Amino acid sequence: MRRMGWALGVTLVLVFAIVSLGWAETVVTTSGSVLQGTIEFGIPGVISIKTATGDIFTVQRANLKALRFPEKGTEVTVETFDGNILIGEVGGIPEVLGLRSASGDVQSVKLTSIREIRFELAPAAIVPTLPSIPGSAEALAAQVKERYEKRRWAFTLGLDTGFQLGASTLNGFGLPAMTLGVNVLNLGGAIWRLYFPPSAQQIERAALEIATNTPGIQLDDLLTATAEEKTPLFNFYLHVGTSALVFPQVGTGGLFRLTPAFYFDAGLAFDLFWGVWPFLGFVFFF
């Protein structure tokens, strides 16, 4: 009877010691070994997961239920106690973890040798898994690019030898992208112009740099800052049209921005009727 009581007492002491130590992690290695203990270092208080769509989520360590590492590639499966499963590249975890066993020894385990980490004991309070707020720099830059690529039509008036009346498409920053119009000064001709504002990729790179250097910036402020930095004073264009209704005309020139809707136009065209035809004047987009 005394032996049973002694054994029961030892068992209770061991259980108490295990719980006190927070023996909560199980590490499964690539060789099949199963290690148990408490991770002393290597798992930070917050980890980030970047999914294949570019979204970035943050997970508190207290909410981690399991980490599963692939045999190949970099995409880790993250399971949380609040019921989420995220797959992507994990940031914030070093190459070596420190696992303290029940005996108190700390064993260093390389991350490349780990197949799975299980956090067995659910915490009392779980912090929900949320996207990073106000959003990653990459996500904000992608939204700026999306806004920039949007098109709208604008009536176009030229006090100009280039054209007098037309309709243009403007991008999300209000820069002309294309014009269809007529020129009555050269005996009536159709005009098509293709403009070359900054590319969407250039805008995205500029927005990403601004967002990275300005943590917490909001989308509207980022749009304004990117537009101020990347809106050019000069917009090159290609000109194709006709003179005297039927004679082909081709040329080139540029618009010099005076205000967001008001430009000075300068260029030249060549055709079979007039020879050289200069473009000179002012163009309004509204």
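The values are calculated or read from the model by the stated rules, or taken from the named source; none is laboratory data. Owing to the predicted nature of the structure, the values given are computational and were not obtained by experimental measurement. Glycine gets a Cβ as well: all are built from the backbone with ideal geometry, and neighbour counts include every protein chain shown.
Brief remarks on what is shown
- Residue check, residue 88 at pLDDT 90 or above, farther than 30 Å from residue 220 by Cα, touching a strand residue (DSSP E or B) at 6+ places or on another chain (Cβ under 8 Å) and in a strand (DSSP E or B): no
- Scan of segment 225-277 for residues that are surrounded by 15 or more Cβ atoms within 10 Å (Cβ to Cβ), acidic (Asp, Glu) and either under 19 Å from residue 156 (Cα atoms) or in contact with a helix residue (DSSP H, G or I) (Cβ under 6 Å, 6 or more places away or on another chain) (or both), ordered by number: 265
- Unmet criterion (only one of (1) charged (D, E, K, R); (2) buried (at least 18 other Cβ atoms within 10 Å of the Cβ); (3) modelled with pLDDT under 80) for residue 120: (2)
- For segment 53-83, a residue qualifies if it is in contact with a strand residue (DSSP E or B) (Cβ under 8 Å, 6 or more places away or on another chain), without any contact (Cβ under 8 Å) to a residue 24 or more places away in the chain and of a type in the set (S, T, N, Q), and the qualifying residues are 74, 77.
- Residues in segment 214-255 that are β-branched (Val, Ile, Thr) and closer than 17 Å to residue 179 by Cβ: 240, 242, 250, 252.
- Conditions (1) without any contact (Cβ under 8 Å) to a residue 12 or more places away in the chain; (2) among the polar types (S, T, N, Q); (3) surrounded by 14 or more Cβ atoms within 10 Å (Cβ to Cβ); number of the one not met by residue 199: (3)
- When the residues of segment 55-105 are filtered to those that are over 17 Å from residue 26 (Cβ atoms) and among the hydroxyl-bearing types (Ser, Thr, Tyr), the one that is surrounded by the fewest Cβ atoms within 10 Å (Cβ to Cβ) is 74.
- The selection criterion, being over 30 Å from residue 246 (Cα atoms), aliphatic (A, V, I, L, M), modelled with pLDDT under 95 and exposed (fewer than 14 other Cβ atoms within 10 Å of the Cβ), holds for residue 133.
- Selection within segment 153-211: residues that are assigned to a strand (DSSP E or B) and in contact with an Asp or Glu (Cβ under 8 Å, 6 or more places away or on another chain). The member of this set that is farthest from residue 278 (Cα to Cα) is 158.
Quick grid of which residues meet (1) in a strand (DSSP E or B); (2) among the charged types (D, E, K, R); (3) touching a residue at least 12 places away in the same chain (Cβ under 8 Å):
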| site | (1), (2), (3) |
| --- | --- |
| 223 | no, no, yes |
| 229 | no, yes, yes |
| 235 | yes, no, yes |
| 239 | yes, no, yes |
| 242 | yes, no, yes |
| 250 | yes, no, yes |
| 255 | yes, no, yes |
| 268 | yes, no, yes |
| 277 | yes, no, yes |
